[in-house]
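Enquirer: Pasting a structure here, questions to come.
The values are calculated or read from the model by the stated rules, or taken from the named source; none is laboratory data. Bear in mind that the values here come from a model prediction, so they are computed numbers and not experimental data. Virtual Cβ from ideal backbone geometry, glycine too; neighbours counted across all protein chains shown. All accessible areas refer to the heavy atoms of the entire protein, side chains included, with ligands and DNA or RNA removed. Shrake-Rupley method; radii C 1.70, N 1.55, O 1.52, S 1.80 Å.
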Amino acid sequence: MGYSKKGSEIMKKGLLVYKSKYGATKKYVSLLREELCCHVCEAKSCKDFHLESYAWIIFAGGIYAGHIAGLDVLRKQYPRIKEKRLAVFCVGASPFDEKSFAQIKAQTLKQELRKIPAFYGRGAWDESRMTWLDRTLCGMLKKAVSKKDPASCEPWMKELLSSTGQSCDWTDREYLLPLIAYIKGFSSEQSRK
């Protein structure tokens, strides 16, 4: 990776905490692990890790009904890890839309969590793999959106309607580049200290 031994040690002092329902977040976590040489744990088994012992922590999860999955760990642990380098990586089926992403961040990253940088990666869509509840909710949402004037539809609405019945995977390493730069920039700073 081109880092000094000390810089490498700092990179290994990182942790990825994730929750993946349909696999897209897990795919991004695998790419991040490869790039950042860090530890990984699922949100549900995170209590086995001493989060305060890591220099940086990324929380990754899918976006469902306007909320980011797995952030309950961040909320619970925040008082103990607030001095760490923290980041959130959100995975959604829609193309990136700044306005929609700002709304999700405002809904999910409240109070002290507002200062944590959040990044976005486009995930996947496969209705055949969805739970009955998710398919039902998506169906209701599609029905409501289909009644709107197409000219007034937001980008995510148009994408929702066009993806019906399709299996799509939009995961792409390019979405990770800003997050990787953020973590590597921190690690470079730490290796110079």
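Enquirer: Within region 54-67, restricting attention to residues that are modelled with pLDDT of 90 or more and closer than 18 Å to K26 by Cα, which residue is surrounded by the fewest Cβ atoms within 10 Å (Cβ to Cβ)?
Expert: Result: G62.
Enquirer: Separate question: More than 25 Å from K110 (Cα to Cα), in contact (Cβ under 8 Å) with a residue 24 or more places away in the chain, open to solvent by less than 20 Å² (accessible area, probe 1.4 Å) and over 10 Å from the mean Cα position of the chain (by Cα): which single residue out of L16, L32, L51 fits that description?
Expert: Working: L16 fails: more than 25 Å from K110 (Cα to Cα); L51 fails: more than 25 Å from K110 (Cα to Cα).
Sole residue among the options that is more than 25 Å from K110 (Cα to Cα), in contact (Cβ under 8 Å) with a residue 24 or more places away in the chain, open to solvent by less than 20 Å² (accessible area, probe 1.4 Å) and over 10 Å from the mean Cα position of the chain (by Cα): L32.
Enquirer: Quick test for you: out of A87, A124, pick the one residue that is under 18 Å from W56 (Cα atoms) and either surrounded by 13 or more Cβ atoms within 10 Å (Cβ to Cβ) or modelled with pLDDT under 80 (or both). Explain how you work it out, then say what you get.
Expert: On the way: A124 fails: under 18 Å from W56 (Cα atoms).
Answer to the check: A87.
Enquirer: Looking only at region 27-53, which residues are assigned to a helix (DSSP H, G or I) and either under 26 Å from C138 (Cα atoms) or at pLDDT 90 or above (or both)? Quick ask: steps written out before the conclusion?
Expert: Going through region 27-53, the residues assigned to a helix (DSSP H, G or I) turn out to be 27-36, 43-48, 51-53.
Those that are assigned to a helix (DSSP H, G or I) and either under 26 Å from C138 (Cα atoms) or at pLDDT 90 or above (or both): K27, Y28, V29, S30, L31, L32, R33, E34, E35, L36, A43, K44.
Enquirer: Can you tell me how many residues within region 112-129 are over 15 Å from K26 (Cα atoms), part of a strand (DSSP E or B) and under 15 Å from the mean Cα position of the chain (by Cα)?
Expert: 2
Enquirer: Report, by residue number, each residue of region 132-158 that is more than 18 Å from F96 (Cα to Cα), open to solvent by 60 Å² or more (accessible area, probe 1.4 Å) and not small (G, A, S).
Expert: W132, L133, R135, L137, M140, L141, K143, K147, K148, D149, P150
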